[in-house]
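The values are calculated or read from the model by the stated rules, or taken from the named source; none is laboratory data. Small disclaimer: the values here were computed from a predicted structure and weren't measured. Areas reflect the complete protein model, heavy atoms only, side chains present, ligands, DNA and RNA absent. Shrake-Rupley method; radii C 1.70, N 1.55, O 1.52, S 1.80 Å.
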Amino acid sequence: MNDTHHWLGKRAPRRPEHRGRGFHRAHSVTQADAVADGEVPVVWRSTRLTGPFAAVCGVGFLGRLSYEMARSPLTPLFARHLGAPVQLIGLIVAAVTISGIVVKLPAGALSDVFGFRPLMFAGAIVKATGPLLYLLAFTWPGLLFIRFYHGLATALYAPPASALVAKAYPDARGRKLGVYNAAESAGTVLGPVLGGAVLTWTLMDFNAAFLVCGAIGVLALLIMFRVPSDALTRAPERRCGDRQLRAALEQVAVGVRQIASEPSIRLVSLVEAVLWLGIGSVQAYLPLYAASVHIPVVQIGLIAGAQGIASVLTRPLMGRYSDRLGSRKPLIVAGIVVCVACLVTLPHVVGFWPLIGFSSLFGLGTGLVTPSTMAMIGDLVTRNNYGSAMGVFGSLWDVGHASGPVLFGLLLLVSGYQVAWLVMALLMSCALVVFLGAGRLLR
């Protein structure tokens, strides 16, 4: 089917003669259904590299590239350079995720009220300005404040961007969202590699590295101008902002209540949150550990990126395999076991090749778990509550992601890397035991 005529914003043609040139019958049916439901469609007419969908993906890729480049290895190494206590470096790294926990759900709700593009544009502005503010960080508390601000970049952009793509391509939603997520994932895995390479080329000049981050963010902001304005996604009689906002907040409340009342959903969310506890600790402190065993900075970037690359490559394959297998639990168990083994082993490993090997293996383990837990949530909830439950599930995963570096930093205060990662492995093992013991709750 031709992807050049998808909609989200302009009023759809109501008479059959308007459906002729430029519209397929399937699209006309979809538009009619949407108008009947109060939706106001718009047409995205271009699928070229300069088209709106390519622009959304481009902003997502470049923004994530800049964002992840700053996260690792730049932030932990820069925080150490500014004299931050080692136990607080994890908090500094995790600050962007903490912002996401607070902002993501309201950002999605507000985009339903004010339109997608305003929230996306606000996120793009943060993508451009956030990295440049690092140049003003002369103390580690200042760096912490900047990290909280930089976290608004993806928190404001990603939820409305995903919603915009889902609305604009009703007949190719899964494929288009897959392409958009792949664009962001490419930025995620390339960011640490680029960060390590720039630090090496500039002889550890952090200002030059953050200028590169900022230049990428500014380019993302410029591409954002290629995303067309979207009208409010409801017809005039349903555009009451207060009513829309209340409805959105009520949906969030439904999701929270569902998580609280369904033991099976709590169980799966626990596994994912603890998994991201370990991921957060690796993202924040593996670069510092590698530096402590005298790994060159350019290789530290490769080590940090290997985990993300392995995870991104594994996820689609394992998600498809879990569908064919008919059960999510075996892959979840296998992935957790692999991650636990890596966390126990990492602090005993020195040398570039062993570290990149275990980083890749850890990424493989996370790639086994996350697609299966997300699919299991979809299996457990009713259709009407799917979005709400997934939103709360994502927030709980962010809680684990943010808590991992903070907890690991506190553990380093009283112990070394070996004990700290052993504790992370034990927490993950406890979650696995609970998951297996309560398996009867899962279908």
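At a glance:
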{"read-out": "For segment 62-215: relative contact order, % (alpha-carbon pairs under 8 angstrom, 6 or more apart)", "value": "40"}
{"read-out": "Carbon and sulfur %, accessible surface of segment 282-330 computed with the full protein complex present, 1.4 Å", "value": "61"}
